[in-house]
Every structure is written in C-alpha cells, then in structure tokens.
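In what follows, a single structure is set out as structure tokens and then discussed.
The values are calculated or read from the model by the stated rules, or taken from the named source; none is laboratory data. Predicted model, so just to flag it, every value in this text is computed and none were measured. Glycine gets a Cβ as well: all are built from the backbone with ideal geometry, and neighbour counts include every protein chain shown. Areas reflect the complete protein model, heavy atoms only, side chains present, ligands, DNA and RNA absent. Shrake-Rupley method; radii C 1.70, N 1.55, O 1.52, S 1.80 Å.
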Amino acid sequence: MKDSKYYKDKVIEEIECVKDRMIEVSKAVHSFAEIGTKEIKSSKLLADELEKNGFKVERGVAGMKTAFKAISHGNSGPTVAFLAEYDALPKLGHACGHNIIGTSAVFAGIAVSKIIKELNGNIAVIGTPDEEGAGGKIKMLQAGAFQGVDIAIMNHPLDKNCAWWPTVALCDLRIVFRGKGAHYATPHKGANALDAAIATLSTLNVMRHGFRPDVIFGYIIEEGGLLTVTVPERAKLKISVKSLDTNYLTDVVDRIKKCARGIANAIGVKVEIHQNPFFEESIPNLTLIQAVKNNFEILGIECEDPLETARHRSFYSTDFGNVSRRLPAVSFGISIGRNLTLHTPEFAKAAISDEGNHALLLATKVMAMTAIDFLTKPEMVRKAKEEFERYKSSNFTNLPLLPLY
Ligand SMILES: [Zn+2]
Ligand SMILES: [Zn+2]
C-alpha cells in the first residue's frame, strides 16, 4: 500500500472532475425542499447516484421509506460511513443546508469507492431522513442500521470552518391535561385543564432557578380551551428543553414530569405525557477531530481550533449526537458565509450560493481525505475506538472539550 498522501491526491482529483455534477445534485435537492420522512425525490436522486457508481444500495432501511444504506466493499478492514441528510424545513426550505450534507456524503463516498480495492476496508453512505423532525438517525440506531460501521463522518454547513461541531442535548415533551367542562359561572362543578397547564408553566419558571444555567426552555400552549364561557376541558403544552448533556437533561425532564403530575393531581385533572427520544449531545473524539483538522490544513484552509469552538459553542441540537454516543464519530462545520444563523431565509440562500458551492466541494474533499486516513492506518481506527470506549465506560462524564458542570 502506498502512503495516505497518494490516495488523498487521487480522491481530490476525482472530486474536482465531478464538481459540476455535484453542484447540479445539490441544487436539485435544494429545489425539492422536501420535509422530514417525505424526502422521496431527494433520497432517490442520491441513492441512484450511488447505485450508478457501483454501490450496493438498500432502500427503506429501519422502516423509513426515505432512509438508505449504500456500501462499496474493498479488502478486509474497517467500514467508514459518511452520513447524508436531505430534509428541509417547512416554509423555509433548505434553511439548514442539508442539500450540502447529502451531496457531499454521496460524492465523497463515490470518490473513495473508485480506489476502495487499493485500501483496507469498506466505504458506506448512510441516508438519514427527518433530522429536523423526530430524528431518523435515532430510529436507524435502534433498528441496527449502524451495525458493522466502525467510524462515522458527517459535516454541517455553518458560518465557520471547524473540525468539530459541538451540539447539546434536547428533549421535546407534550403534556396533555384532561379535566371536566362546566359553565364558567359554576367552575367548582368542573376541573380546569388550562389552569393545570398554566400552573405547570409558572412552576417550571420557578423551578428553573434550581437548574444549572445551561438548561434552556421553550414552551407554547398548543391548546387551551375553546370558549371563555366554559371551563376548559383540555389543554396541551409543548415544551422543548436543552442542556449540555443527556445525563443532566434526564434529571431535568424527570422533574418537569413530576411537576406536571403533581399539579394535575392537586387540580383534579388527568395528565398524559408524551416524550420524544432525546437528541443527545455530540461527543468529541480527538482522534477524529485531529484528522479532520489536518485535512483542512493539507488543503490550505483555515479551520477554528477545537478548543475555541468548544468555548463558543452554540446551543444547536442534532440526532448526529446520538450516533456519536454509539460509535466513534465526527461532524465538522463548513462555512457557507459569515454571520449566518441556521433556519433563516438567508441561510437557505447561502446553501446554493457560490460560497455554498465552494463549501460543498471543500466538505466533500475533507470527508474523503479523512476516510482515507482511517482506511490506510489501522492504528488510527484502534485509537479512535479506544478513546470512544474510555468515554463510554465513564458514561460520557469524562470528556475533553465538553465543559460539564
Ligand atoms: Zn436544522
Ligand atoms: Zn441541520
């Protein structure tokens, strides 16, 4: 086997050759703007591109129509997977730039597959739907779709280049209170569901003083009765709560549930609590982060120091975090413009701008080059795995770069 530089030069050349097609695919996915679980055209376009290029493609993975798993087999060795996302946001379209994530994963996969027989291992591209919704990666993890994957790599468009995108844990809750209707002149004959919802929210606002400062709440009253002249029979709350880490967020969510149940009990209404699976925080893997950083440097592109990134972390969340708590994984940030915020019309525009297309090309190269590192140096795979196992055995409490309280 030749040294990694030789193979990196080859994948860079291959990516340069297909850059027009890449931009075409990225623009097509952007124009489809399909929302989570409905990414029919987007997933088909990406999976077809892989199949045309010799990948063995399995569609409809984990019971989701728009999830796929594509693999190109090489010699014995580890399997490196690139993760693709391609869902858009309702009304805002590709305001999270997932057209870049999906396209870069597919073309990085194709570039590596051209030389996979010369390397140690296999290259996979996993199509993961519904990131903006329930989190397709969570379902895919539960269904075993990541079995056999040794290393997972993804990128996310941002307003800066960084070798690791730190994200935090998130939980969405729906709390439904069911009381008893009555004329509002005789409220004692009913049980007021809206009062229970309001009391829960005000108590939460008192309780938050007892939570760590990294706990963030968002809430709305989705349903609060129909008429002012009757006691509201039903009320519904939606609460989103975030924290730096899943362990602490689990405690916070338990206390929120206890609060809602206690208040429902006192007011005499019934309560039902529906909880989505957590989006867990992203776990840093220094072996992977360093490899990504080196590859940015090889390309002569500046990339923020991971410590600096950790210090100025945003409070975004992604289901990629769940992947990073199951196997060695890294998602790096790629700049599509300065001073941009995710989920805005400006971000959607930037995702197919010249700068966005340039970022697409860069992200694809960094992904492919990082895979080459792990497919040519078995000791790096071993190191990344050992590091991951060490964090896992501490229940992810003993991490670098992640300032836990
Ligand atoms: Zn998003
Ligand atoms: Zn996103």
Among DSSP beta bridges lying fully in the chain, give the percent that are antiparallel, nearest 5. 65
Contact order relative to length of the chain, as percent, for alpha carbon pairs under 8 angstrom and 6 or more apart: 22
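If packing is taken as the average count of other Cβ atoms within 10 Å, what order do 388-395, 20-27, 236-243 fall into, highest mean first?
236-243, 20-27, 388-395
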Take the solvent-accessible surface of the protein heavy atoms, probe 1.4 Å, and return the percent of it on the chain that carbon and sulfur atoms account for. 52
For helix 286-298, report the angle its Cα long axis makes with the longest principal axis of the Cα atoms of the chain; keep it between 0 and 90° and round to the nearest 10°. 50
Accessible area per residue, 1.4 Å probe, Å², for the chain: what's the number? 42
With every protein chain present, what accessible area does F278 have (1.4 Å probe, heavy atoms only), rounded to the nearest 10 Å²? 30
Relative contact order of the range 207-347, pairs being alpha-carbon contacts under 8 Å that are 6 or more residues apart, as %: 18
For the Cα atoms of the chain, what angle does the longest principal axis make with the long axis of helix 378-393, in degrees from 0 to 90, nearest 10? 20
Quick check on the chain: helices-only [θ] at 222 nm, where DSSP H runs of length 4 and up contribute -39,500 (n - 2.57) each and the sum goes over total residues. Nearest 500, please. -13500 deg cm²/dmol
With both partners inside the range 1-126, how many of the DSSP beta bridges are antiparallel, as a percent to the nearest 5? 55
Can you classify the range 333-405 as rounded, prolate or oblate using the Cα gyration tensor, where a ≥ b ≥ c are the square roots of its eigenvalues, rounded means a/c under 1.5, and otherwise it's prolate if a/b beats b/c and oblate if not? oblate
Rounded to 10°, Cα long-axis angle of helix 4-17 versus longest principal axis of the chain: 80
